[in-house]
Amino acid sequence: MPGIHPTTYLFAARALRDFGDGFVAILLPVYLLLLGFSPLQVGIIATASLFGSALLTIAVGFLGARRNLRWLLLASASLMTATGVAMSLADDYWLLLVIAFAGTINPSAGSVSVFVPLEHAALTREVSHAERTRMFARYSLVGALASAGGALSAALPDFTTGIGLERLTSIKLMFVIYALVGIAGGLLYARIPKRGASHETSRTPALGPSRAIVLRLAALFSLDAFAGGFVVQSLLALWLFERFDLSLAQAGVFFFWSGVLSAFSFPVAAWLSRHIGLINTMVFTHIPSSVALMLAAFAPTLPLALALLLVRAALSQMDVPTRSSYVMAVVTEAERAAAASFTSVPRSLAAAASPALAGALFAASYRSWPLVICSALKIVYDVLLLMQFRHLKPPEED
């Protein structure tokens with residue numbers, strides 16, 4: 001299809017991937033509970049998924065500077081397809097644990113994924129410094145809207161019971177759809193121009209002059225991700241199911257609007273960053289969202305809890321495009337794939353630890369504590385980020 005910009009294929013693939021993640025994040029805990037597993041076991045599966053994702057992401061970080069990005073994206077799409085097929089067939093807990101660890105199941109319905117560093121590096125090489133943050137905002141917008149649509153489609157198993165299809169069977173079919181999404185994503189990645197690493201790049205370390213900056217950012221992002229792991233979307237859905245007896249259809253509608261609010265916050269973040277800078281945008285939108293989450297933990301009624309969670313959704317993701325843009329701006333071109341990976345991997349590892357802890361708190365009937373812990377740690381992260389990086393500005397802010 002001549003004349004189509006490579007970013008279009010990447011945006012479309014991101015949309016498909018996030019659509020699949022959107023319904024899987026909600027259906028995963030329901031599926032596991034229907035199979036007879038406990039909330040603690042659900043948390044352990046989420047932890048295994050995030051930990052496995054971390055190992056895959058660090059591998060592509062090393063390979064991204066030396067291998068063709070299109071080939072790595074195609075391999076990742078193939079793994080997504082295999083994961084969906086395996087999840088639809090398995091019902092043994094240990095087998096499900098292995099699939100979660102080795103596959104692409106994403107309990108957070110966000111950008112904790114092996115695809116992220118590859119797409120970031122591929123996108124950044126296509127735009128100028130001035131356009132970079134707006135491009136990441138559009139990229140995040142597309143993904144969030146698709147994720148919202150995926151969340152809405154999570155209600156389908158409830159409706160199919162009306163035509164005689166068992167709920168468990170319907171959820172298994174949703175995992176088949178997830179596999180088909182992986183195939184469609186692979187077809188889009190195949191349209192990306194083949195651009196291998198230059199001879200010079202292939203001989204340089206994955207991280208060079210920007211190593212110290214990347215390691216400091218990775219440490220801070222790890223704290224943020226560890227905090228967020230207490231309230232990944234699957235566990236937030238579980239909290240709503242158990243605290244307020246929410247139905248699948250109600251959860252799908254809530255996460256749809258939550259995703260829509262997050263999506264339209266991305267262009268606002270890009271606009272705001274042009275006026276107050278990337279770091280300030282990240283910090284001064286994040287703190288109020290954490291306060292809203294903490295208040296939701298103590299909300300006595302479902303409408304108040306949902307309202308506070310929607311306020312959080314409108315603010316909490318504004319750091320996503322700005323964070324991605326900032327990382328790509330403060331490293332050299334040859335380091336971009338590695339920098340995206342090395343700032344994502346510690347996030348994934350840190351996020352992998354907390355869902356199991358949250359599951360243990362759920363099992364002990366301390367259901368609101370994960371929300372409180374998440375909020376407090378994220379506020380600490382925001383303060384440290386502002387203190388350490390407010391003077392390191394990207395090229396367009398100099």
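What follows is calculated from the coordinates using simple rules that are stated; it is not laboratory data. All values derive from a computational prediction rather than experimental measurement. Note that we place each Cβ from the backbone using ideal geometry, even for glycine, and neighbour counts take in every protein chain shown.
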request  = Highest first, please rank the peptides 243-255, 279-291, 161-173, 330-342 by the mean number of other Cβ atoms sitting within 10 Å of their residues.
outcome  = 330-342, 279-291, 243-255, 161-173
inquiry  = Which one, A351, A313, F266, is farthest towards the positive end of the dipole of region 6-397 when Lys and Arg carry +1 and Asp and Glu -1 on their Cβ?
reply    = F266
key: Total charge dipole magnitude, the chain, about the Cα centre, Cβ charges on Lys, Arg, Asp, Glu only, Debye to nearest 20   = 800 debye
message = If you average 1/r across every pair of different Cα atoms in region 189-333 and take the reciprocal, what Kirkwood value do you get, in Å?
response = 17.7 Å
query = For region 115-160, with the dipole built from +1 on Lys and Arg beta-carbon atoms and -1 on Asp and Glu ones, taken about the Cα centre, which of V116, L145, T160 lies farthest toward the positive end?
reply = V116
ask   = If each Cα of region 70-195 is one equal point scatterer, what is log10 of I(q)/I(0) from the Debye formula at q = 0.18 Å⁻¹?
value = -1.08
remark   = Semi-axes of region 345-398 from the Cα gyration tensor (sqrt of 5 times each eigenvalue, largest first, whole Å) come to 32, 13, 7
note = Percent of all Cα-Cα pairs per 20 Å bin for the chain, counting from 0 up to the last occupied bin, reads 30, 61, 10, 0
Residue-averaged [θ]222 nm for the chain, counting only DSSP H segments that reach four residues, each worth -39500 (n - 2.57) = -26000 deg cm²/dmol
remark   = What the Cα atoms of region 253-335 span along the principal axes, largest first and in whole Å, is 50, 24, 23
key: region 84-143: mean projected area of Cα convex hull, nm²   = 5.0 nm²
